[in-house]
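Visitor: One structure follows; several queries about it will come next.
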Amino acid sequence: MYRDSYWARFAVSVFFLCLLSSPASVAQECGQASEIDPATRAAIDNAAGLYIQYAAHGDVQSLRQAAIPVLAAEFGGVQQTVTHDKGVMGDQVTIRRDYFLDASKAGGRMEHAEFFCGVYGSNGHTPSSASFAIPNLEPGQYALVLTNVSGGKVPYMVTVVLQKLQNQWKLAGYYPKPSEVSGHDATWYVRQARTFERAGERLNAWFYYVMGWDIYAPVDFMSSLQLDKLSNEIQEARPPEVPTGDPVPLVAANGRTYNLTQMFAVPDDHGQLSLVVKYQAADVSNSMQALQDNMTVIKAVAAKYPEVRKAFSGIVARATTAGGQDYGTLLVMKDIS
């Protein structure tokens, strides 16, 4: 859901890389840990642990050999993430939760596969239930394993998706993310967001809510009572100043209007967060002009939203063209006049 934040960009979004087709109508089944037979559960946990070990040690070749064919053929995203996390993520794996997703009875590729795990009440999710909505899923048996990984520079939460092929549990999806950002966990960010919201600082609240969500949510195709409650709280807190689809105009001191396309938080190198602001630019080949525009945008953001001085260590402006080229500038808060 909240895929516009920095941390989510490091979650690998390669999951069952299939083409669209007509939906299948066969219902899918889901079993939680206690409902999986011990031998199957052991095989699932062992495979997930092994693949995380490969990733932790940067063994991209072994990880790719363990992947299902469609993922192995498009392995760039996983490789980039493993390379980025090497030396940061540890290799001590603790299994948090297992799910067995059985779509073997489907008659063909499913455009929208849904799995409902656990007991549901009259209002939907209960504390022990979870559901998964996976697009474009091939028939088969799958497992989803939620883990905590320690022993590195920061703790990680890694979600591994497996598919059973030729009696082996092969890698079908790999979703790692730090459990802490700038030294704080999801609970801390949500608590800070609520504090900002009570103070009327909705922009600060939004970015801290989103950071908390990115840390807390294992994958973006999972739903649970806790995730739904947090999602609803975040949706109610979204301020109109944050771009969603259409650009948001920002009038600067020089009289020019800059169209903002994205705003999100990123961790900096000093244990704090910076605010990133992207805006439309016709051209960034003239670096001096791009720098001048970036400085103007940074000062305009700080002037229009003075609350961000409390929540962020600096502001990054990125002039971005329609073709994807961009030019970025960071200015720390103490230097923004």
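The values are calculated or read from the model by the stated rules, or taken from the named source; none is laboratory data. If you're wondering where the values come from, they're calculated on a predicted model, not measured in any experiment. Every residue, glycine among them, receives a Cβ derived from its backbone with ideal geometry; neighbour counts consider all protein chains shown.
Visitor: Looking at (1) touching a Phe, Trp or Tyr at 6+ places or on another chain (Cβ under 9 Å); (2) in a helix (DSSP H, G or I); (3) surrounded by fewer than 16 Cβ atoms within 10 Å (Cβ to Cβ), which is the one condition that is false for LEU291?
Guide: Evaluating LEU291 over (1) touching a Phe, Trp or Tyr at 6+ places or on another chain (Cβ under 9 Å); (2) in a helix (DSSP H, G or I); (3) surrounded by fewer than 16 Cβ atoms within 10 Å (Cβ to Cβ) leaves (3) as the failure.
Visitor: Across region 41-61, which residue is surrounded by the most Cβ atoms within 10 Å (Cβ to Cβ) among those that are small (Gly, Ala, Ser) and within 13 Å of ASP91 (Cα to Cα)?
Guide: ALA55
Visitor: Sticking with this one: Does any residue of region 6-13 turn out to be among the small types (Gly, Ala, Ser), in contact with a Ser or Thr (Cβ under 9 Å, 6 or more places away or on another chain) and modelled with pLDDT of 95 or more?
Guide: no
Visitor: Okay, next question. Among the strands (runs of 3 or more DSSP E) contained in region 114-204, which hold 3 or more residues that are within 26 Å of PRO239 (Cβ to Cβ) and under 18 Å from the mean Cα position of the chain (by Cα)?
Guide: none
Visitor: From PRO306, PRO267, which residue is at pLDDT below 95 and under 24 Å from THR244 (Cβ atoms)?
Guide: PRO267
Visitor: When you go through (1) under 16 Å from PHE221 (Cα atoms); (2) touching a Gly at 6+ places or on another chain (Cβ under 7 Å) one by one for VAL93, which number turns out not to apply?
Guide: Only one criterion is unmet by VAL93, namely (1).
Visitor: crowded, with 16+ Cβ neighbours inside 10 Å, out of contact with any Leu (no Cβ under 8 Å at 6 or more places or on another chain), at pLDDT 95 or above and not assigned by TED's automatic domain parsing to the domain that holds ALA205: which single residue out of LEU260, LEU275 fits that description?
Guide: Result of the check over LEU260, LEU275: LEU275.
Visitor: Quick check, is ASP85 closer than 25 Å to PRO38 by Cα and either of a type outside the set (A, V, I, L, M, F, W, C) or surrounded by fewer than 19 Cβ atoms within 10 Å (Cβ to Cβ) (or both)?
Guide: no
Visitor: Checking the condition at negative phi, part of a strand (DSSP E or B) and out of contact with any His (no Cβ under 7 Å at 6 or more places or on another chain), which residue from VAL284, VAL297, VAL301, VAL316 passes?
Guide: Going through VAL284, VAL297, VAL301, VAL316 in turn, just one is at negative phi, part of a strand (DSSP E or B) and out of contact with any His (no Cβ under 7 Å at 6 or more places or on another chain): VAL316.
Visitor: Turning to a different aspect of this structure: Please pick out the residue among PRO176, PRO155 that is more than 23 Å from ALA43 (Cα to Cα) and either modelled with pLDDT of 95 or more or not assigned by TED's automatic domain parsing to the domain that holds GLN79 (or both).
Guide: PRO155
Visitor: Being assigned by TED's automatic domain parsing to the domain that holds ALA73 and modelled with pLDDT under 95, is that true of even one residue in region 211-222?
Guide: No, region 211-222 contains no residue that is assigned by TED's automatic domain parsing to the domain that holds ALA73 and modelled with pLDDT under 95.
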